[in-house]
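Participant: Encoded as structure tokens, here's the structure I'll be asking about.
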Amino acid sequence: MLNIYANNYPQEKIHLQLDKKIYRPGETVWFKAYIFSGADPSLVSRNFYAELSDPSGKVLERKVYPVTESSTAGSFDLPKKIESRHLHLRAYTTWMTNFDTAFYYEKDIHIYDEKLDSAGTVTIVPREAKMQFFPEGGDMIGGVETMVAFKANDQFGLPEVVKGVIQDRSGKELLSFESMHDGMGKFLVAPDKGDSLTAVWKDERGIEHRTGLPAPKATGAVLRAITGNQKVLFSVARSPDGGPELKRLTIIGHMHQHLIYKARINLDENFMSGGTIPTGQLPSGVMVLTLFDANMMPLAERAVFINNHEYQFSPEISVQIKGVNKRGKNTLVIDVPDTVKSNLSMAVTDATADGEFPNDENIVSRLLLTGEIRGQVHNPYFYFSGTADSLVNMLDLVMMTHGWRRIRWEALAKGQLPVIRNPEQDYLGMKVEVLGVDPYKIPKDESLNVILSRKDSSTQLLSVPHISGSKFGLMGLVFFDTVKAYYQFNTNRALADQAAITFSNGLIRGPKSAKSLYAGFDGWTAEDSLYLKRNRYIQEELIRVQPIEDARVKTLAAATVIGHQKTATEKLDERYTSGLFAGGDAQTFNLLDDPFANASPDIFTFLQGKVAGLQITTGSGPGGTPSLSWRGGRPSLYLNEMQVDAQQLQSISVPDIAMVKVFRPGSGVGFGGGSGGTIAVYTKKGGDSRTNTDNIKGMPRAILAGYSIPKEFYSPNYLENNAANAQEDLRTTLYWKPYVMTNRETRRVTVDFFNNDITKKLRVVVEGFNEDGKLAHIETIIQ
């Protein structure tokens with residue numbers, strides 16, 4: 001059953017790299033999403049959902065993006081007015097909605113607003129400490145020595161320093177305890193049967209509290225574990241008067257639903273036994289030990305963390321040109337020494353405005369630790385900052401105080417499988433249902449001809465097959481914004497008049513609300529003070545320059561500006577391209593002005609020999625599918641910015657093509673960042689086109705929603721003579737590149753960007769993974 005779960009029901013987890021940690025109203029939140037399953041990049045999901053909500057749970061924005069190379073990228077535009085110091089970000093895939101929502105990606109992002117930060121405008125809620133106790137393995141057993149971990153935090157989830165004593169029912173003091181790290185600690189206790197234990201403790205403000213411990217069970221077994229040098233030592237102890245079901249036990253160890261250890265434990269003669277699990281060959285991550293009785297019912301469960309330090313690879317960031325002066329140019333080189341493919345993202349921010357939190361969550365701590373367990377972990381990357389035994393012990397406290405309950409053993413033992421309400425879709429679908437007509441009136445060989453018309457007037461003809469009954473469907477579509485779908489039945493054309501036809505895109509509807517992690521917390525902690533001061537300064541500068549900018553705009557409006565006369569190709573680019581495909585460093589072919597283009601039998605023949613490094617081999621025989629390669633990779637192909645295969649593109653008549661743009665490998669354009677290059681073909685629009693689309697008129701139509709429109713990060717070039725460069729530059733995100741793709745042939749990527757007017761200290765963050773599933777997180781400061 002574990003094998004069935006592991007192979008057919010893999011559990012996904014998500015990490016989001018944001019461009020920075022604190023935002024002002026009206027700014028853009030840029031993010032790159034990485035999707036893993038177990039220790040490897042996920043190959044399951046195709047659709048990614050991200051939602052931004054306010055503290056009340058109201059969803060402000062919802063974005064849906066296609067997934068490729070186990071990743072995607074997107075953005076949120078923050079409202080101009082935000083009445084809170086934080087907003088909540090939640091992300092998930094279609095596949096994840098079939099399982100426990102506790103494993104969605106959840107994060108609160110800080111919002112800075114001078115009005116909220118001014119004295120007297122916000123009521124700071126007093127902190128109230130609380131404590132939870134977690135017997136190792138799950139239960140305390142009467143008469144059996146048990147390790148009990150504890151966790152103390154306030155009502156917002158922030159750690160509390162505590163110390164106190166444990167008393168029995170009579171008030172006798174049994175032991176004292178105090179927190180070791182971030183409100184966590186542990187102690188050994190052997191409770192008597194029927195006894196009740198109480199903790200009497202004080203928080204860091206000296207306030208005394210009384211908290212009861214879980215009641216000890218009369219019979220059962222205690223599971224204890226210690227992580228050592230490439231091994232886990234465990235012990236099992238049963239109550240002396242337990243029944244026969246406690247004398248023959250089974251223990252298993254499992255990671256990512258894969259069984260990696262199993263042993264029988266005979267407690268006929270002894271009350272205690274133990275063993276050793278070798279872990280040197282395992283991937284780093286959370287391993288769970290589960291103890292079963294003789295009837296294979298679960299008795300105890302313990303999570304441990306395996307850290308073999310093999311999970312990282314190390315790209316190098318070198319500064320070729322440093323420019324921390326006003327509008328200085330910076331040139332960085334990212335060098336991946338390995339030859340395997342890597343998928344990285346890069347953010348450059350004002351280090352002082354963005355805070356100094358090296359132990360905040362990142363791709364390593366999220367995918368190895370917090371994405372595997374319940375609850376919030378304070379400063380999770382702290383536990384990966386070294387190899388000292390103290391860090392190992394602190395991380396083990398996290399394992400003991402955060403629940404792990406991905407597997408329902410009772411259901412698994414009965415052979416029950418998870419109910420999949422939302423199977424993963426192959427990108428967007430066109431799901432069509434015919435209502436009001438008996439299904440038997442629909443011929444089995446019926447199909448639906450659909451013409452997709454986009455807002456730029458480009459069209460695409462689709463044949464949607466009959467699935468069964470009244471349903472038609474087609475998957476694997478990729479389009480953005482909304483499209484008009486003009487349709488006509490192929491056999492019985494009268495069906496469109498006799499029935500109601502509904503169209504849907506196959507995407508799911510997410511939860512209506514999302515609660516913040518630290519609900520009600522509307523203050524700043526002491527560690528926030530430095531970047532609060534910096535953001536206050538930037539806010540004041542924005543207020544100062546606004547009248548200057550308003551006056552400058554009025555002056556420009558009255559002036560006559562003589563600008564650069566655009567070429568025919570530049571005008572064509574503006575007319576046809578959008579998003580990441582617009583502008584950019586590409587080789588552009590204007591077929592409208594090429595009298596010899598129409599002589600080519602297909603677009604691949606036209607491109608042969610015209611692009612340096614691009615290898616095009618025509619297929620054998622007439623109409624054979626060509627093969628393409630560029631620097632060891634395969635170029636992505638797009639028709640009117642919708643991804644297609646070579647055969648589809650080959651079928652397009654060259655006289656119907658207006659323009660071709662060819663982006664070099666690693667350009668960041670297209671799915672997966674275009675690691676093997678990108679070829680974008682555009683068919684002629686009205687005014688340019690020979691194709692007559694008047695036949696669309698009179699056909700019934702539906703509106704179909706597509707993916708969220710991708711937004712391109714604007715990075716100014718101060719070496720150009722541009723009127724926009726006259727305004728003052730107070731950006732705190734100086735550069736954002738969601739796709740930095742490398743492979744055997746392209747191991748070095750050069751990045752150029754310009755500083756703003758006020759920043760003297762830059763933070764560069766690079767994160768990502770390679771095709772072996774190894775992770776990278778690098779932070780460097782330029783000052």
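The values are calculated or read from the model by the stated rules, or taken from the named source; none is laboratory data. Because the structure is predicted, anything quoted here is derived from the model rather than measured. Every residue, glycine among them, receives a Cβ derived from its backbone with ideal geometry; neighbour counts consider all protein chains shown. Each accessible area value is taken on the protein alone, full model and side chains, heavy atoms only, with ligands, DNA and RNA left out. Shrake-Rupley method; radii C 1.70, N 1.55, O 1.52, S 1.80 Å.
Participant: Check every one of the strands (runs of 3 or more DSSP E) wholly within region 573-685 and list those with 1 or more residues that are under 31 Å from the mean Cα position of the chain (by Cα).
Facilitator: Passing ranges, in order: 586-590, 627-630, 636-639, 642-644, 657-663, 678-683.
Participant: Of everything in region 47-67 that's assigned to a strand (DSSP E or B) and of a type in the set (S, T, N, Q), which residue is modelled with the lowest pLDDT?
Facilitator: Ser53
Participant: Now a separate question. With region 439-499 as the region, which strands (runs of 3 or more DSSP E) entirely inside it contain at least 3 residues that are touching a helix residue (DSSP H, G or I) at 6+ places or on another chain (Cβ under 8 Å) and either at pLDDT below 90 or over 23 Å from Val64 (Cβ atoms) (or both)? If you could, list the steps in order and put the result at the bottom.
Facilitator: On the way: elements: 447-453, 459-468, 471-477, 482-489.
Ranges flagged: 482-489.
Participant: On to the next question. Name every residue in region 6-46 that is part of a strand (DSSP E or B), under 26 Å from Ile709 (Cβ atoms) and acidic (Asp, Glu), in order of residue number.
Facilitator: Glu12
Participant: Report yes if Thr691 is of a type outside the set (Phe, Trp, Tyr), surrounded by fewer than 22 Cβ atoms within 10 Å (Cβ to Cβ) and either in contact with a helix residue (DSSP H, G or I) (Cβ under 7 Å, 6 or more places away or on another chain) or modelled with pLDDT under 90 (or both), otherwise no. Show your work before the answer.
Facilitator: Numbers: of a type outside the set (Phe, Trp, Tyr): yes; surrounded by fewer than 22 Cβ atoms within 10 Å (Cβ to Cβ): yes; either in contact with a helix residue (DSSP H, G or I) (Cβ under 7 Å, 6 or more places away or on another chain) or modelled with pLDDT under 90 (or both): yes.
So Thr691 fits the description; yes.
Participant: Among what's in region 315-364 and is part of a loop (DSSP other than H, G, I, E, B), among the hydrophobic types (A, V, I, L, M, F, W, C) and touching a Lys or Arg at 6+ places or on another chain (Cβ under 6 Å), pick the residue that is surrounded by the fewest Cβ atoms within 10 Å (Cβ to Cβ).
Facilitator: Per the stated criteria, the residue is Val324.
Participant: Checking Leu299 against (1) closer than 23 Å to Thr401 by Cβ; (2) assigned to a loop (DSSP other than H, G, I, E, B); (3) of a type in the set (A, V, I, L, M, F, W, C), only one condition comes out false. Which one?
Facilitator: Just one mismatch for Leu299, condition (2).
Participant: Can you name every one of the strands (runs of 3 or more DSSP E) wholly within region 710-783 that holds 3 or more residues which are in contact (Cβ under 8 Å) with a residue 24 or more places away in the chain and in contact with a Gly (Cβ under 7 Å, 6 or more places away or on another chain)? Spell out the reasoning first.
Facilitator: Working: elements: 733-742, 748-754, 762-770, 775-782.
The strands (runs of 3 or more DSSP E) meeting that bar are 733-742.
Participant: While we're here: Any chance you could count how many residues in region 448-473 are over 23 Å from Ser653 (Cα atoms), in contact (Cβ under 8 Å) with a residue 40 or more places away in the chain, open to solvent by 20 Å² or more (accessible area, probe 1.4 Å) and in contact with a Ser or Thr (Cβ under 8 Å, 6 or more places away or on another chain)?
Facilitator: 0
Participant: Which members of region 214-225 meet the condition of being in contact with a helix residue (DSSP H, G or I) (Cβ under 8 Å, 6 or more places away or on another chain) and either farther than 26 Å from Asn393 by Cα or surrounded by fewer than 20 Cβ atoms within 10 Å (Cβ to Cβ) (or both)?
Facilitator: Thr219, Gly220 - these are the residues of region 214-225 that are in contact with a helix residue (DSSP H, G or I) (Cβ under 8 Å, 6 or more places away or on another chain) and either farther than 26 Å from Asn393 by Cα or surrounded by fewer than 20 Cβ atoms within 10 Å (Cβ to Cβ) (or both).
Participant: What's the number of the only condition in (1) surrounded by fewer than 17 Cβ atoms within 10 Å (Cβ to Cβ); (2) in contact with a Gly (Cβ under 7 Å, 6 or more places away or on another chain); (3) more than 28 Å from Leu291 (Cα to Cα); (4) not aromatic (Phe, Trp, Tyr) that Asn308 fails to meet?
Facilitator: Exception for Asn308: condition (3).
Participant: Can you say whether Ser176 is more than 36 Å from the chain's Cα centre (by Cα), free of Cβ contacts under 8 Å to residues at least 60 places away in the same chain, assigned to a loop (DSSP other than H, G, I, E, B) and loosely packed, with under 14 Cβ neighbours inside 10 Å, as far as the supplied structure shows?
Facilitator: Spelling it out, it is not the case that Ser176 is more than 36 Å from the chain's Cα centre (by Cα), free of Cβ contacts under 8 Å to residues at least 60 places away in the same chain, assigned to a loop (DSSP other than H, G, I, E, B) and loosely packed, with under 14 Cβ neighbours inside 10 Å.
Participant: Would you check which residues across region 187-228 are touching a residue at least 24 places away in the same chain (Cβ under 8 Å) and charged (D, E, K, R) and list them?
Facilitator: Asp192, Lys193, Asp195, Lys202, Asp203, Glu204, Arg205, Lys217, Arg224, listed by residue number.
Participant: Only one of Met1, Met96 is surrounded by fewer than 17 Cβ atoms within 10 Å (Cβ to Cβ) and among the aliphatic types (A, V, I, L, M); which?
Facilitator: Met1
Participant: Pull out all pairs, ordered by first then second residue, where Cβ-Cβ is under 7 Å, the residues are six or more apart or on different chains, the first lies in region 588-612 and is open to solvent by 30 Å² or more (accessible area, probe 1.4 Å), and the second is among the charged types (D, E, K, R) and modelled with pLDDT under 85.
Facilitator: Every condition considered, the pairs that remain are Leu592/Asp688.
Participant: Name the single residue that is farthest from the chain's Cα centre (by Cα) among those in region 714-736 being more than 22 Å from Ser75 (Cα to Cα) and charged (D, E, K, R).
Facilitator: Going through the qualifying residues, I end up with Glu720.
Participant: Also, quick follow-up: Over 22 Å from Ile782 (Cβ atoms) and open to solvent by 60 Å² or more (accessible area, probe 1.4 Å): is that true of Glu728 in this structure? If you could, list the steps in order and put the result at the bottom.
Facilitator: Details: over 22 Å from Ile782 (Cβ atoms): no; open to solvent by 60 Å² or more (accessible area, probe 1.4 Å): yes.
No; evaluated as a whole, the condition is false for this residue.
Participant: Out of all the residues in region 365-398, which are among the hydroxyl-bearing types (Ser, Thr, Tyr) and either touching a Ser or Thr at 6+ places or on another chain (Cβ under 7 Å) or open to solvent by less than 20 Å² (accessible area, probe 1.4 Å) (or both)?
Facilitator: The first filter runs over region 365-398 and keeps only residues among the hydroxyl-bearing types (Ser, Thr, Tyr), leaving 365, 370, 381, 383, 385, 387, 390.
Across region 365-398, the qualifying residues are Ser365, Thr370, Tyr381, Tyr383.
Participant: Of the residues that sit in region 182-201 and are among the aliphatic types (A, V, I, L, M) and part of a loop (DSSP other than H, G, I, E, B), which one is surrounded by the fewest Cβ atoms within 10 Å (Cβ to Cβ)?
Facilitator: Ala190
Participant: Still on this structure, please answer the following. Listed residues Thr276, Thr290; which is open to solvent by 50 Å² or more (accessible area, probe 1.4 Å) and not small (Gly, Ala, Ser)?
Facilitator: Thr276
Participant: Take region 305-327 and flag every residue that is over 25 Å from Val340 (Cβ atoms) and under 25 Å from the mean Cα position of the chain (by Cα).
Facilitator: Passing the criteria: only Phe305.
Participant: Among the residues of region 737-783 satisfying the criterion of being acidic (Asp, Glu) and under 23 Å from the mean Cα position of the chain (by Cα), which is surrounded by the most Cβ atoms within 10 Å (Cβ to Cβ)?
Facilitator: In this case the residue turns out to be Glu767.
Participant: Across region 250-269, which residue is surrounded by the fewest Cβ atoms within 10 Å (Cβ to Cβ) among those that are polar (S, T, N, Q) and at pLDDT 90 or above?
Facilitator: Asn266
Participant: What are the residues in region 229-249 that are buried (at least 17 other Cβ atoms within 10 Å of the Cβ), touching a residue at least 24 places away in the same chain (Cβ under 8 Å) and part of a loop (DSSP other than H, G, I, E, B), if any?
Facilitator: Ser239, Lys247
Participant: When the residues of region 24-51 are narrowed to those that are buried (at least 21 other Cβ atoms within 10 Å of the Cβ) and of a type in the set (A, V, I, L, M), which ends up nearest to Leu368 (Cα to Cα)?
Facilitator: Ranking the candidates gives Ile35 first.
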